[in-house]
Structures are given as C-alpha cells and as structure tokens.
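Student: Below is a structure I'd like to ask you about.
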Amino acid sequence: MSRFLIPILFFCTVLAASAQDKTISGILTGNLMDSRNKALEGATVQLLSFTDTVTKRTVLTDKSGQFNFTGLPFGYYKLSFSFVGLQTLVIDSICFRAVRYDFNLPDIVLKPKSNELMEEVLIYAEKPLIQSKDGNITFNAGESALAAGSNASELLSQIPLVTKDPDGKIAVRGKEPRILIDDKPVELNLQQLQDLLESLPGSSIEKIEVMTNPPPQYANEQGGVINIVTRKGKVGRSGRVAVSGGTRGEASLNGNFSYRKQGLAFSIHAGVGYNRYLGNGYSVRNNLYADSSNFLNTSNGYTNRNLRPNFRVTLDYDISKQHLLNLVLNYNQNNFDHFNTTEYRTINRFDELWKLSEREIKSTGSGYNPNTSLSYTWKGKPGETLRIITSYQFSRNDNNRDFYQQYFYPDFSPTGVDSLQRQDNFTRVNSHTFRVNYDKMLGNAKTFISLGGLYNRANNQVLTEASYKKQPEGTMEKLDLLSNHFRFHQTVSNLRASVKQVVGENFSFTTGVTAEQTGIWFELLKENRDVKNDYLTWLPFANINKTWKEKLSLTFAYRRSIRRPGIGELNPTIDFSDPYNIRFGNADLEASTAHNFDFIIGRTKTKYFLNLGFGFNQVQDIFSQVRTLLDDGKTQVTWENISDRREYEASSWNGITLSKQLRVNLSASYTYTRYSAFDKTVRKFRDGGSFTSNFNFSFNPTDRWSFNGGFNLNRFASPQGYARWSTSMNLGIQRKFFDKRLIITVNTIDPFVNQQRKTFIYGTHFNLESFSLTRTKNYRLTLAYLFNNQPKKKEVLLPGKLSAKK
C-alpha cells in the first residue's frame with residue numbers, strides 16, 4: 001500500500017504549494033542572434049500592448065543576446081526586434097493569461113537587411129505536444145511530462161503510428177523505419193540500436209519527427225524516417241541535472257551542460273540508469289501425430305537487471321557562413337544480470353504427467369558501444385547544400401550463460417539426474433560509413449535536384465564456446481554441437497539521383513532512383529567454408545504532392561524498398577536456452593524487396609489536424625521466423641525465405657485542440673496480410689491483420705502545471721498465428737517551481753494492468769499457446785533542476801513614450 005501512498009502524498013504536497021502562489025503577471029524571456037548564430041548585444045527589443053498603444057516596454061539585449069520582461073499585465077502583445085544593419089523582425093499575437101503567463105522564446109534570428117522588405121512579421125503560435133504537416137508528425141518531447149525519467153525507447157511508443165513488437169523492433173505503420181539522431185543516420189544493428197535508445201534519456205530530447213514521406217536521401221526506406229532531435233541549449237552556458245526513481249525497481253541520474261556563442265555550440269550529456277524487471281509466463285504445446293498426441297507445458301518466472309551508463313558529446317563549429325562542422329562522440333554500455341526458472345511438464349496421450357524437470361538459466365555480461373561521426377556542410381547559393389557524413393561504430397558484447405536442469409519423478413521427488421551446460425558468447429562488431437548528399441535549386445526556383453551516395457562496411461566476429469559438466473568426474477568438457485565461430489562481412493554502396501519539379505502553386509512531383517550494390521561474405525570458420533553473395537538492386541521512387549490554401553493536402557508515393565537480414569537472423573549458432581525449442585539463424589537468407597504504394601490525404605487547421613492513409617505493399621522473398629515440429633518432439637525455430645505476400649494498409653492520425661489548455665491526439669493503423677496458396681497449404685500460414693493504436697492528451701491548466709497521458713492498444717499477426725490484444729499506459733503530472741528551474745514530475749505507468757502478451761501459433765502437426773507478463777506497473781518520481789544565465793535587464797525610456805517601469 002505504501003507504494004500507492006507515496007505519489008498521492010507527493011501530489012497533495014505539490015498541490016498545496018501551488019495554492020500559495022501569489023498574484024501573477026506576465027514574464028517574457030528569449031535570446032537574439034544573427035544568421036551566423038552570433039549573439040546580438042545591444043539590440044533593441046520593444047514590447048507593445050494591443051490595449052495600450054502608448055506605453056512601450058523596451059530593453060537592450062545583453063552580451064549573450066538575452067532579454068527579459070517582467071510584471072506584464074495580461075493581454076495580447078506585439079514584440080519587435082531591431083539592430084543596425086539587420087532586418088527588423090516583429091512577432092505578433094503573444095497572449096499572456098492566467099493559464100500561460102510565462103514565455104521562453106526559442107532562438108530568434110535577425111536576417112541581413114533587404115531592400116524588398118521593410119520588416120518581417122511572424123504570428124506567434126504556441127507549440128502543442130504533437131504537430132502534423134503534410135502527413136508528417138512532430139512529437140515535442142520538451143513539452144511532455146512523459147519525457148521526465150523515461151528513455152528514448154519509451155517515448156517512441158507514445159508517438160502516433162509508432163509501435164514496438166515483442167522483440168523491440170520499431171515500426172511505423174507496420175514497417176521498419178530509418179532512425180536518425182540530429183539528422184544523421186544511426187548505422188547500428190538491432191541490438192546496438194535497442195541499447196542506444198534505452199540509454200538515451202527522454203529529458204535530453206527536444207523533439208521526435210516521424211516522416212511518412214521522407215526526403216530523397218531516405219526515400220527508399222520502407223517505414224519512412226524517425227528523426228530524434230536532441231536539446232542544443234541556449235546562447236551562453238546552461239545545464240540540467242535530473243534524478244529519478246520508481247517503485248518497480250528503477251533509478252537514473254543524468255546531467256547535461258551546453259555552451260553556445262558565435263559559431264560554436266558544445267554540449268555534453270552523461271548519465272546512468274538502472275532497471276529491474278520481474279515477469280512470469282506459461283506455454284502449452286500440443287504435438288499432433290497420426291495415431292496420438294501429447295502436451296508439453298511450461299511455466300516460468302524471471303528477474304532481469306540492467307545497468308546502463310552513457311555519455312554523448314556534440315560539437316558544432318561554423319568555420320564561416322558557408323562552411324559548417326559537426327562532431328559527435330557517443331558511448332553507451334549495458335551491464336546485465338538475468339535469471340530465469342522454467343518448469344517443463346510432458347503430458348502423455350492418457351493425460352498423465354510423464355516427464356518433469358526444472359531448468360535454471362543465469363545470464364550475465366556486458367555490451368560496450370562507442371561510436372563517432374563527423375559531418376561537413378557547405379552552403380552555396382540559396383537552395384544549394386553539400387553535406388558529407390562519416391561515422392565509425394564499434395561494439396563489444398559478452399554474454400555468459402549457465403544452464404542447470406534437474407529432473408524429477410511425477411511426484412516431484414528428485415531422480416538424481418541433472419545436467420549443467422555453459423555457453424559463452426563473444427561478439428565484436430565494427431563498421432564505417434561515408435555519405436555524400438548534394439541538393440541544388442536551379443535558377444527558375446521551381447526545379448530542385450538531389451544527388452548522393454553511400455558506402456557502408458560492417459564486420460562481425462562471433463565466437464561461441466559451449467561446455468558441459470561431465471559426470472561423475474565433475475569436469476567441464478567442450479560441447480562442440482553448441483559451439484561456433486564465424487565472421488560476417490557486409491558491404492552496401494549506392495548512388496542516388498532525383499529531381500523535384502514545382503508545376504504550380506503548392507503542386508509538385510518528385511522522381512528518382514537509387515542503384516544499390518550489396519556484398520555479403522560469411523566465413524564459417526568451424527565448418528571451414530565460405531558463403532558469398534553479391535547483388536545489384538534498382539530502387540526507384542516517386543511522389544506527387546498537392547496542397548490547397550485551406551490546408552488540405554494530397555500525397556501519392558511509390559517506392560521500391562529493400563530489407564536485408566541482420567546478424568540476428570543470419571547467426572547459425574544454436575541457442576540452447578530451451579532444450580525443447582531449438583533456435584538458430586540461417587546464413588543463406590536472401591534480402592527481401594517490396595513495391596510500396598501510399599496515398600495520404602490530410603487537413604491541417606489551427607485547432608485540429610486530420611490524416612488518412614492507404615497503402616499497398618507487394619513483398620517478395622520475405623524472410624520470417626518459422627517454427628516446425630521435429631521427429632523427437634522438439635520444435636525448431638529458424639529464419640526462412642518464404643514466398644511473396646501482399647499487404648493492405650489503412651491508417652489515420654488526428655489531433656484536436658479542445659481549448660488552449662487541452663489537446664487530444666488519436667491514431668490507429670491496420671494492416672491485413674495475405675500469403676500465397678503454397679505457404680497456406682504447405683506451411684499452414686494464415687492470412688491475418690495487425691492493429692495498432694495510440695491515444696494521448698496534454699492538459700496545461702497553467703504554464704507551471706502539465707498533465708500528459710498516453711495509451712496504446714495493439715494486436716499483431718504472424719505467418720503462423722497471432723497475438724491477442726495488449727495494452728500499455730503512461731500518465732504524467734509535472735509542476736515547475738522557482739522560475740521554472742526546479743521541475744518535479746510524477747509518472748504512473750501501467751497502473752491498472754501489467755503489460756502482457758498471449759500468442760497462438762498453428763504449425764504443421766502442432767499448436768502452441770504462450771503467455772508472458774512483465775510487471776511494468778510503476779510509480780516514478782523525477783526531480784530536475786535547470787541552470788542557465790539570467791539576462792541582465794536594461795530597460796530604457798524612449799523619447800516621447802512612457803516606460804512601464806518607474
């Protein structure tokens with residue numbers, strides 16, 4: 001009961017403190033810079049009330065370009081910025097009110113003076129939690145109470161159209177996207193990507209962009225693009241320290257420091273997170289034979305512990321207005337300690353307990369993932385950009401597993417027979433990538449060309465050493481069947497060209513093609529043989545986009561995409577975690593290609609956005625996990641190339657502003673898959689549909705209080721079966737104190753139902769029902785404190801005008 005009282009008592013304390021707030025007035029802060037990101041000192045900032053046109057408040061920016069207004073009566077205001085030699089900028093319609101009286105404007109840039117324009121006027125619009133434009137989605141994590149104490153992986157599950165399958169793989173509308181961080185692709189395998197996202201704190205993320213219609217550089221990505229944008233900090237020095245803890249058994253500590261001045265931006269983030277997950281489950285497998293049947297029933301429980309230190313350093317340096325450099329150093333680590341106990345019961349055809357055993361698995365190890373990237377950007381004439389990105393990744397993963405199995409008689413008395421095996425896995429991965437992108441707007445300002453190329457080389461070395469305890473000697477002897485040693489090399493290179501033509505007002509089309517060469521080399525050292533495969537793939541793409549003044553948009557897109565098997569699907573090493581269910585990869589897997597057609601219609605207004613999408617995918621040479629029953633009663637799970645399949649998609653993502661304080665968003669996606677007659681007849685595959693949905697809301701009664709919530713409901717289909725409905729929920733309450741420097745957040749995660757998954761698999765000669773539950777119910781408290789420079793207010797009295805300050 002105490003775990004429930006903690007957040008309730010804390011909430012009441014915060015509520016009581018907020019009730020003591022005195023009469024409030026408006027506050028406005030921000031910082032000003034030129035087009036070279038140089039802070040403007042001594043710039044004039046004027047604030048004019050719509051209801052009092054006589055009184056003006058005027059300040060001069062300090063050496064960091066910062067300005068500050070306090071004591072502002074509620075109402076609408078106009079803000080004007082001016083500096084010698086630069087274009088005057090006006091921001092209109094800033095509304096101070098009881099529920100939003102404190103504004104902190106992002107970086108404001110003054111452009112060089114233009115003879116054609118006396119001043120530039122912008123209408124201020126407050127940033128909602130989720131935005132949508134041209135079918136793309138922006139999740140403003142900096143505005144969400146759900147970001148506090150969470151990580152990037154958890155935040156992704158709160159975004160419309162984004163889901164994670166049971167293996168942790170991220171999908172957008174059912175397809176795998178390309179992940180970017182700060183506009184640069186993450187060249188990591190699935191395990192490395194999961195470790196990175198789970199170690200990246202949500203508090204370090206500014207926003208997450210989901211591009212269903214990505215730019216030409218990534219036009220062939222079947223699931224579009226997810227771009228995670230990290231916080232950059234303000235001009236001058238700023239920092240943040242946060243600590244969090246949860247009742248489930250989790251804790252984190254992280255901090256960041258940033259420094260910005262003319263042409264230079266430096267930030268460093270470091271932290272550590274600890275997680276403990278408890279869970280349990282069961283399975284019932286019915287083996288069907290010509291003259292009989294039997295059952296293999298299991299029940300299990302597990303405890304998983306992970307410790308994840310991490311740091312990230314980012315340096316941006318502008319050599320000049322045309323030449324820009326960016327350097328990123330990133331390191332994340334995962335130290336894990338997992339323990340699992342499983343009971344196996346074999347039930348014969350007479351419904352009698354025939355065999356009984358218990359198996360314990362202890363898995364300990366660590367993973368280290370340092371990586372770095374360097375990019376150079378050259379900006380030529382307007383609309384002309386050259387960008388070169390180089391990166392290097394290294395990964396080291398060690399996993400030591402011990403398997404102890406004890407056998408019993410049906411009355412649970414020990415038989416005296418037991419076994420002990422050990423399997424040590426050592427994986428080393430290194431890869432390097434070189435990308436070039438060139439974009440140019442032609443002289444007619446209606447034709448845009450985009451050229452680019454990629455070279456990526458990845459090297460994997462996997463060593464698995466297995467042994468068993470020999471009885472009665474008690475010595476550990478090598479187990480050759482479960483040992484392996486191989487190297488895997490993959491080289492991907494491509495050349496890309498595209499053109500975008502504007503044929504009318506808000507009407508354009510884009511077409512292009514990518515020629516991609518893939519080379520695969522498997523060195524199977526244990527078997528003393530090599531497996532090689534080289535192939536060239538042409539990947540055309542095109543889209544047509546039309547937008548009307550009423551903010552109605554239509555997009556039709558076609559792309560041919562390719563999905564290559566990774567080391568997880570290719571690794572031929574036998575996984576002996578479950579002796580009655582043998583798993584291994586397939587080194588002979590081939591890549592899968594698909595023709596993707598998408599049609600999206602959207603409407604965006606001030607108070608709402610609506611999007612409806614339809615898709616059709618013709619997928620060829622699919623590779624998927626297939627489970628088969630062996631003659632000895634065990635099942636075998638491996639990856640196989642199956643025949644083609646067709647996918648029919650429908651999705652919708654929508655948002656509505658019910659008031660200035662309350663916004664609601666809802667998304668849903670349904671994909672129906674049809675397999676070939678051969679697969680349905682021979683492999684017993686089943687046509688089926690997958691449904692994913694997301695509902696979230698943001699309620700901000702004042703600019704000090706924030707309430708956010710997210711709810712997911714999903715159902716996934718597989719070639720051999722389906723998973724029943726699963727849910728997840730996250731509710732967050734946030735309160736800001738001391739000029740918004742101290743931020744206190746309480747999150748309630750899955751308060752009603754722990755995350756659970758029930759699956760059904762129907763194969764040739766067997767049926768399998770399995771259930772798993774993870775104790776995700778959690779109450780999390782996060783404390784964060786912000787450090788930043790306070791602007792020195794220089795308020796001046798204009799001739800002939802009255803100052804508000806006496």
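The values are calculated or read from the model by the stated rules, or taken from the named source; none is laboratory data. On a predicted model such as this, the values are computed, not experimentally measured, just so you know. Note that each Cβ is placed from the backbone with ideal geometry, even for glycine, and that neighbours are counted across all protein chains shown.
Student: Can you go through 532, 469, 551 and tell me which one is on the phi > 0 side of the Ramachandran plot and in the same structural domain as residue 388 (by TED's automatic domain parsing)? Quick ask: steps written out before the conclusion?
Tutor: Details: 532 fails: on the phi > 0 side of the Ramachandran plot; 469 fails: on the phi > 0 side of the Ramachandran plot.
Within the list 532, 469, 551, the selection yields 551.
Student: When you scan region 195-210, do you find a residue that is crowded, with 24+ Cβ neighbours inside 10 Å and closer than 20 Å to residue 599 by Cα, even just one?
Tutor: Yes, region 195-210 contains at least one residue that is crowded, with 24+ Cβ neighbours inside 10 Å and closer than 20 Å to residue 599 by Cα.
Student: I need a count of the residues in region 586-623 that are in contact with a strand residue (DSSP E or B) (Cβ under 6 Å, 6 or more places away or on another chain) and either without any contact (Cβ under 8 Å) to a residue 24 or more places away in the chain or not in a strand (DSSP E or B) (or both).
Tutor: Adding up the residues that qualify gives 8.
Student: Among 538, 521, which is the only one that is on the phi < 0 side of the Ramachandran plot, over 28 Å from the mean Cα position of the chain (by Cα), assigned to a strand (DSSP E or B) and surrounded by fewer than 15 Cβ atoms within 10 Å (Cβ to Cβ)?
Tutor: Details: 521 fails: surrounded by fewer than 15 Cβ atoms within 10 Å (Cβ to Cβ).
After applying the criteria, what remains is 538.
Student: Among 707, 685, 678, which is assigned by TED's automatic domain parsing to the domain that holds residue 283, in a loop (DSSP other than H, G, I, E, B) and aromatic (Phe, Trp, Tyr)?
Tutor: Among 707, 685, 678, only 685 is assigned by TED's automatic domain parsing to the domain that holds residue 283, in a loop (DSSP other than H, G, I, E, B) and aromatic (Phe, Trp, Tyr).
Student: Which ones in region 503-518 are surrounded by 16 or more Cβ atoms within 10 Å (Cβ to Cβ) and either outside any strand (DSSP E or B) or hydrophobic (A, V, I, L, M, F, W, C) (or both)? Talk me through it step by step, then tell me what you get.
Tutor: From region 503-518, those surrounded by 16 or more Cβ atoms within 10 Å (Cβ to Cβ) are 508, 510-514, 516, 518; that's our starting set.
Passing the criteria: only 513.
Student: Please find, among 304, 340, the residue that is surrounded by 15 or more Cβ atoms within 10 Å (Cβ to Cβ) and either in contact with a Pro (Cβ under 6 Å, 6 or more places away or on another chain) or in contact (Cβ under 8 Å) with a residue 40 or more places away in the chain (or both).
Tutor: Going through 304, 340 in turn, the sole match is 340.
Student: Every residue in region 89-112 that is modelled with pLDDT under 80, over 18 Å from residue 46 (Cβ atoms), assigned to a strand (DSSP E or B) and of a type outside the set (D, E, K, R), please.
Tutor: Residue satisfying the conditions is 104 alone.
Student: Return only the number of the condition from (1) at positive phi; (2) buried (at least 19 other Cβ atoms within 10 Å of the Cβ) that residue 445 does not satisfy.
Tutor: All conditions are met except number (2).
Student: Same structure, new question: Taking into account only those residues within region 41-59 that are surrounded by fewer than 16 Cβ atoms within 10 Å (Cβ to Cβ) and in contact with a strand residue (DSSP E or B) (Cβ under 6 Å, 6 or more places away or on another chain), which is nearest to residue 788 (Cα to Cα)?
Tutor: Once the filter is applied, the top-ranked residue is 42.
Student: I would also like to ask the following. I need a count of the residues in region 708-725 that are surrounded by fewer than 17 Cβ atoms within 10 Å (Cβ to Cβ), in contact (Cβ under 8 Å) with a residue 24 or more places away in the chain and not basic (Lys, Arg). Outline the logic, then answer.
Tutor: We begin by selecting, within region 708-725, every residue surrounded by fewer than 17 Cβ atoms within 10 Å (Cβ to Cβ); these are 711, 713, 715, 724-725.
Add one more test, that the residue is in contact (Cβ under 8 Å) with a residue 24 or more places away in the chain, and what stays is 715, 724.
Subset that is not basic (Lys, Arg): none.
Total satisfying the criteria: 0.
Student: Let me ask another. Where the second residue is exposed (fewer than 15 other Cβ atoms within 10 Å of the Cβ) and modelled with pLDDT under 85 and the first is under 14 Å from residue 65 (Cα atoms) and lies in region 76-93, which pairs have Cβ atoms under 6 Å and are six or more apart or on separate chains?
Tutor: Listed by first residue and then by second, the contacts come to nothing, as the list is empty.
Student: Out of the strands (runs of 3 or more DSSP E) lying entirely within region 40-83, which hold 2 or more residues that are of a type in the set (A, V, I, L, M)?
Tutor: In region 40-83, 44-49, 56-60 are the strands (runs of 3 or more DSSP E) which contain 2 or more residues that are of a type in the set (A, V, I, L, M).
Student: Looking for whichever is touching a Ser or Thr at 6+ places or on another chain (Cβ under 9 Å), more than 21 Å from residue 429 (Cβ to Cβ) and modelled with pLDDT of 80 or more here; the options are 216, 166, 185. Which one fits? Steps first, answer last, please.
Tutor: Working: 166 fails: modelled with pLDDT of 80 or more; 185 fails: more than 21 Å from residue 429 (Cβ to Cβ).
Just a single option satisfies the conditions, and that option is 216.
Student: Starting from region 57-73, keep only residues that are touching a residue at least 24 places away in the same chain (Cβ under 8 Å) and under 10 Å from residue 30 (Cα atoms), then list their pairs with residues that are β-branched (Val, Ile, Thr) and in a loop (DSSP other than H, G, I, E, B) whose Cβ atoms are within a distance under 6 Å, requiring at least 6 positions of separation or different chains.
Tutor: From residues that are touching a residue at least 24 places away in the same chain (Cβ under 8 Å) and under 10 Å from residue 30 (Cα atoms), the pairs are 65/235; 67/61.
Conditions (1) surrounded by 15 or more Cβ atoms within 10 Å (Cβ to Cβ); (2) on the phi > 0 side of the Ramachandran plot; (3) within 33 Å of the chain's Cα centre (by Cα); (4) not basic (Lys, Arg), marked per residue:
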| site | (1), (2), (3), (4) |
| --- | --- |
| 382 | no, no, yes, yes |
| 399 | yes, no, yes, yes |
| 405 | yes, no, no, yes |
| 408 | yes, no, no, yes |
| 421 | yes, no, no, yes |
| 429 | yes, no, yes, yes |
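Student: Within region 465-488, does at least one residue satisfy the condition of being β-branched (Val, Ile, Thr), surrounded by 15 or more Cβ atoms within 10 Å (Cβ to Cβ) and in a strand (DSSP E or B)? Before the answer, list the steps.
Tutor: Going residue by residue through region 465-488, those that are β-branched (Val, Ile, Thr) are 475.
When the remaining residues are screened for being surrounded by 15 or more Cβ atoms within 10 Å (Cβ to Cβ), the result is none.
Looking through region 465-488, none of the residues is β-branched (Val, Ile, Thr), surrounded by 15 or more Cβ atoms within 10 Å (Cβ to Cβ) and in a strand (DSSP E or B).
Student: Name the residues in region 585-634 that are of a type in the set (Ser, Thr, Tyr) and under 26 Å from the mean Cα position of the chain (by Cα), would you?
Tutor: Of everything in region 585-634, those that are of a type in the set (Ser, Thr, Tyr) and under 26 Å from the mean Cα position of the chain (by Cα) turn out to be 592, 593, 604, 608, 624.
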